[in-house]
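Scroll down for the structure; my scribbles are underneath it.
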Amino acid sequence: MRIIIDTESSVLQLTENGATTEYSLFSPEAFRLLSRQWIALGWNLGHWSTLTWMGRQLLQLPDDVLRLAELFWKLRPDVIVETGVYEGGSTLFFASLCRSYGAGRVISIERELRPGVRVAIEQAAGDLVTLIEGDSASPEPALQVRRNIRPAERVCVFLDSDHAAQHVAAELHHFGPLVSPGCYLIVADSICPDLAHTPQGERTWYCDHPGTAVNEFLVLHPEFSRQRPTALFSAAFDFTELSYFPGTWLRRD
């Protein structure tokens, strides 16, 4: 694929499989094409690693963070279950949302917490966060999460741990049933195939990625469907391309 941008004529030219198509540089089609390139370039250069929340590294694309904030503000779940803590930025972000709408709490699972992370989260979020150490693909952490959820509590789940398809499949098996009707199961970094060709990417990502696990999960679980939340303020077209997980927002009916 070859993309040529002519700013003087305000034209984007796409050549693919021997065919050339021209689009207005300010058209939705041009935006989608350039967004996919921007996503890959920004990821490869580490843009996603430069942001923090309450001083802790966040490791998320800003567009995804704000879409998550919109969703949880609208749903106001009683519990947000998160896999993958790393430096705790996303954990504190979810806890901040709970604090802002005056309800809810976070249960986060990490295979092995990094030094200082537990103390930092406890100091910043107090009893809004329950931290569980263990492999989120194994049964025991899921059992601990279940014990921490009270009857009738509304639950959303955000999976952002090991991104190998087999690992994500196990997480979906353990945590998918916890999601309440009308709530969401969100699987991060399903964009991996679009990053496999980059210098920092891995060739295995073409087939071994979270999206593979999600595809298989949806076949067996018709109660879930791909439904990226509608933007609270409408736009001329969909900005889905600005995401690291555009197709793996799953709503439980």
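Since every read-out is calculated from the coordinates, none of them should be taken as a lab result. Note that this is a predicted model, so its numbers are computed, not measured. Cβ sites come from the backbone with ideal geometry, for glycine too, and all protein chains shown count toward neighbours.
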Gaussian network model of the chain, springs between alpha carbon atoms under 10 Å - residue of Ser90, Ser234, Ser100 with greatest fluctuation: Ser234
Sequence-distant residues sharing a close amide H with Glu82 (under 5 Å, placed H): Ile107, Ser108, Ile109, Phe158
For the chain, the longest site-free run once chymotrypsin sites (Phe, Trp or Tyr not before Pro) in DSSP loop states with at most 14 other Cβ atoms within 10 Å are removed: 27-232
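Where does each of Met1, Met54 land when they are ranked from fewest to most other beta-carbon atoms within 10 angstrom? List each step's numbers first, then the result.
On the way: Met1 9, Met54 17.
With the sparsest Cβ surroundings first, the list reads Met1, Met54.
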Between the stretch 116-183 and the stretch 55-85, the Cα center-to-center distance that results, in Å: 13 Å
Loop GluC sites (Glu not before Pro), the stretch 1-86, which have at most 15 other Cβ atoms in a 10 Å radius of their Cβ (DSSP): Glu8
Crossing angle, helix 165-175 versus the chain [Cα axis fit, 0-90 degrees, rounded to tens]: 40 degrees
Choice from Ile80, Ile149, Ile107 showing the highest fluctuation, given a GNM over the chain with Cα pairs closer than 10 Å: Ile149
